[in-house]
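For reference, the structure is listed below as structure tokens.
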Amino acid sequence: MKTLSEINEIVDKFKDFSTNAVFEMADMLKVYLDYCKNIQGNKAKTGIASIDEGLGGIRPGELCGFIGATNVGKTSFAMQSAKATSQMMYDRIIPVICTEPTEIDMIERYLQIELDSNTYEVENICKDITFDSEQGQSLYMRLKKYENIVHVVKALKENELIPYIKMLEEITGKKAGYFIIDHIQGMKSDLRGNRSEKLEWIIAETKQAVNTLKIPGMFVSHVARSEVKDKKELSIYSGKGSGEIENSCQILFSIDLAEEEPAGFDLSHELRTKDNPHGKYKLLSVTPLKKKRGSAEKTFLLQNTKTTELTEWNKKPLIDF
């Protein structure tokens with residue numbers, strides 16, 4: 001056994017290196033046992049009951065990606081995940097990085113669901129309401145259950161992700177339990193190179209963020225234009241900037257308009273189709289493309305075309321308050 005003086009000499013010799021990254025077997029076991037103490041309370045939810053049951057949740061340090069075409073329901077899905085997780089992590093904050101939607105877009109989506117109204121109807125309901133009025137406070141109380149979801153409406157740079165989350169922790173006095181990026185392609189980077197190279201760096205840094213913060217993370221991603229143009233079935237390589245997307249995610253799903261209907265489906269007459277442009281629902285499919293554990297399988301969702309709310313096709317509630 002080396003003396004304290006000898007150890008200090010070694011540390012001084014390699015002072016530019018951090019011993020925090022070095023683990024012996026006993027160290028790793030201690031870290032893992034501590035990790036397992038409240039693992040269920042530290043997992044995030046997708047908000048889809050059948051997937052959450054099969055997957056067992058998104059664990060701290062895991063990055064989950066969802067890829068899909070424009071206007072297919074990615075932001076709605078991100079909202080469902082944030083809402084479902086926020087109800088479980090009521091003592092923590094859920095930062096949602098909005099790189100494309102504005103604060104107007106986001107609050108309107110919440111109000112659409114709360115008021116069971118489309119965007120035009122929400123505008124008309126709210127046009128004469130002030131925040132301090134009785135009606136304004138009534139709306140606020142309906143949304144108060146989501147007050148631990150904090151929206152950052154900015155196209156952050158990849159090296160700003162951790163500092164922004166830490167700043168939010170300081171402001172709110174609460175630790176972050178989960179973060180979501182909507183959409184990953186909207187993140188910025190000072191890295192020189194083409195868009196694909198920048199995106200690879202952004203996603204790699206996002207993966208580093210879940211490791212450093214020791215919380216789950218999710219991002220939603222556009223798909224490559226060729227995949228939409230050619231109407232291909234989405235695969236693990238369909239993400240716009242494919243490469244780092246599938247490499248950095250432990251969990252990857254696609255969300256798309258369903259090409260088929262599940263057995264027993266009986267709402268065909270209410271679906272929005274070419275012949276029925278005013279249908280009440282769009283039928284979506286969520287397909288696991290990569291998962292290292294669990295038994296999550298392909299799931300069908302209904303998206304309410306008026307409110308954008310998602311439910312499983314068999315009417316199981318996504319969120320049980």
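The values are calculated or read from the model by the stated rules, or taken from the named source; none is laboratory data. Everything numeric here is computed off the predicted structure, so don't read it as measured data. Note that we place each Cβ from the backbone using ideal geometry, even for glycine, and neighbour counts take in every protein chain shown.
Say we look at segment 286-314 and pick out the residues that are part of a loop (DSSP other than H, G, I, E, B) and more than 19 Å from the chain's Cα centre (by Cα); which of these is nearest to D105 (Cα to Cα)?
Taking the candidates together, the pick is T307.
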Check your understanding: Listed residues Q40, Q80; which is touching a residue at least 12 places away in the same chain (Cβ under 8 Å) and within 15 Å of the chain's Cα centre (by Cα)?
Key -> Q80
Point to revise | Residue, farthest from M88 (Cα to Cα), within segment 139-174, restricted to residues that are crowded, with 16+ Cβ neighbours inside 10 Å and among the basic types (K, R) | key: K157
Practice item. Six or more apart or on different chains, Cβ under 8 Å: which pairs go from a residue in segment 241-269 that's surrounded by fewer than 19 Cβ atoms within 10 Å (Cβ to Cβ) and in a helix (DSSP H, G or I) to one that's of a type outside the set (G, A, S) and at pLDDT below 85? Could you list them? Key: E246/I236; E246/Y237; E246/K290; H269/N276
Review point. Is it the case that K282 is of a type in the set (D, E, K, R), within 24 Å of I94 (Cα to Cα) and at pLDDT 75 or above?
Key: no
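Let's see how each residue does on (1) under 16 Å from L143 (Cα atoms); (2) among the hydroxyl-bearing types (S, T, Y):
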{"residue": "G56", "(1), (2)": "no, no"}
{"residue": "E62", "(1), (2)": "no, no"}
{"residue": "M79", "(1), (2)": "yes, no"}
{"residue": "S86", "(1), (2)": "yes, yes"}
{"residue": "T99", "(1), (2)": "no, yes"}
{"residue": "I107", "(1), (2)": "yes, no"}
{"residue": "N118", "(1), (2)": "no, no"}
